[in-house]
Amino acid sequence: AVVSTQSTGGRTDVSFYRIGEKIAQIGKTLVNKKCNTIKWSPLGQYCVLAGLNNFAFDGMLEFWDVGSDTPTLMESGEHFMVTHLAWDPTGRYVCSSNSYGGHSVENGYFMWSFQGTKLYETSLEGFVQFQWRPRPPSLLTEAHLKEIKKNMKSYARDFEIKDKLSKSKASKELIEKRRRVYDEYMAYRKRKDQELKALRLQYEEVRSDSVEEEYVEEVVEFFIKEEVEAAENKE
């Protein structure tokens with residue numbers, strides 16, 4: 001693929017080519033694009049046209065399928081002030097990022113599918129770099145891979161059985177741990193109950209040995225009122 005700058009306007013043209021016995025262009029040249037970078041998927045069929053480190057391009061991202069004779073735009077998106085693009089080793093995902101080294105604001109990264117669907121985004125103050133972990137080639141031969149795919153259901157059943165056994169073992173260990181903690185608590189509680197009973201007995205003994213207080217009953221009379229009435233003479 002080739003990116004060429006137009007004479008005016010700052011935008012670019014993009015052309016795709018196939019190399020065989022001759023170099024042949026794939027489809028027509030894409031003109032008037034906000035693009036200064038092409039990032040190819042590790043699979044080679046897909047690519048992203050991006051305007052990196054360029055405010056005039058508004059962080060435009062275009063996801064293209066170049067697997068046929070006519071390049072197809074699958075989706076377009078935008079990541080303002082984007083500075084880097086990185087495909088994952090499988091070619092299924094691509095990450096666009098705005099690093100602190102490029103801009104001091106709006107740092108973070110977006111995650112996209114190879115078809116241009118935004119899957120995730122996050123802002124990270126002081127974000128510097130995003131890197132995918134490499135995936136080295138498989139040590140299995142093509143024959144082994146075909147055999148695994150052919151017997152995948154059988155392998156899946158075996159793994160399900162092992163997973164169930166692992167879960168059962170984990171559940172058994174958890175139950176035993178809970179039983180052990182419960183037994184320790186009940187033993188502690190029984191010991192404290194016995195100590196409390198002993199203290200109560202000691203208290204009762206001390207109380208029974210104490211001298212009982214003597215009580216004196218006293219009656220108090222109060223003079224309230226006196227009335228004198230003259231007797232009537234009935235003769």
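The values are calculated or read from the model by the stated rules, or taken from the named source; none is laboratory data. All figures in this text were calculated on a predicted structure; none of them were measured in a lab. No Cβ is skipped: glycine too gets one built from the backbone with ideal geometry, and neighbour counts run over all protein chains shown. Areas reflect the complete protein model, heavy atoms only, side chains present, ligands, DNA and RNA absent. Shrake-Rupley method; radii C 1.70, N 1.55, O 1.52, S 1.80 Å.
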Qualifying residue in segment 138-149 (condition: surrounded by fewer than 10 Cβ atoms within 10 Å (Cβ to Cβ), free of Cβ contacts under 8 Å to residues at least 24 places away in the same chain and charged (D, E, K, R)): yes
Residue match in segment 39-53 (condition: loosely packed, with under 15 Cβ neighbours inside 10 Å, aliphatic (A, V, I, L, M) and assigned to a loop (DSSP other than H, G, I, E, B)): yes
Of all residues in segment 101-155 being out of contact with any strand residue (DSSP E or B) (no Cβ under 7 Å at 6 or more places or on another chain) and aliphatic (A, V, I, L, M), the one that is nearest to residue 65 (Cα to Cα): 145
Selection from segment 72-88 of residues that are touching a residue at least 40 places away in the same chain (Cβ under 8 Å) and either crowded, with 20+ Cβ neighbours inside 10 Å or within 18 Å of residue 120 (Cα to Cα) (or both): 75, 76, 77, 84, 85, 86, 87, 88
Residues located in segment 87-132, provided they are more than 19 Å from the chain's Cα centre (by Cα) and charged (D, E, K, R): 88, 92, 106
Residues being in a loop (DSSP other than H, G, I, E, B) and either in contact with a strand residue (DSSP E or B) (Cβ under 9 Å, 6 or more places away or on another chain) or under 14 Å from residue 68 (Cα atoms) (or both) - total across segment 1-38: 7
Subset of segment 126-137 [open to solvent by 90 Å² or more (accessible area, probe 1.4 Å), within 16 Å of residue 85 (Cα to Cα) and not basic (Lys, Arg)]: 128, 129, 131, 134
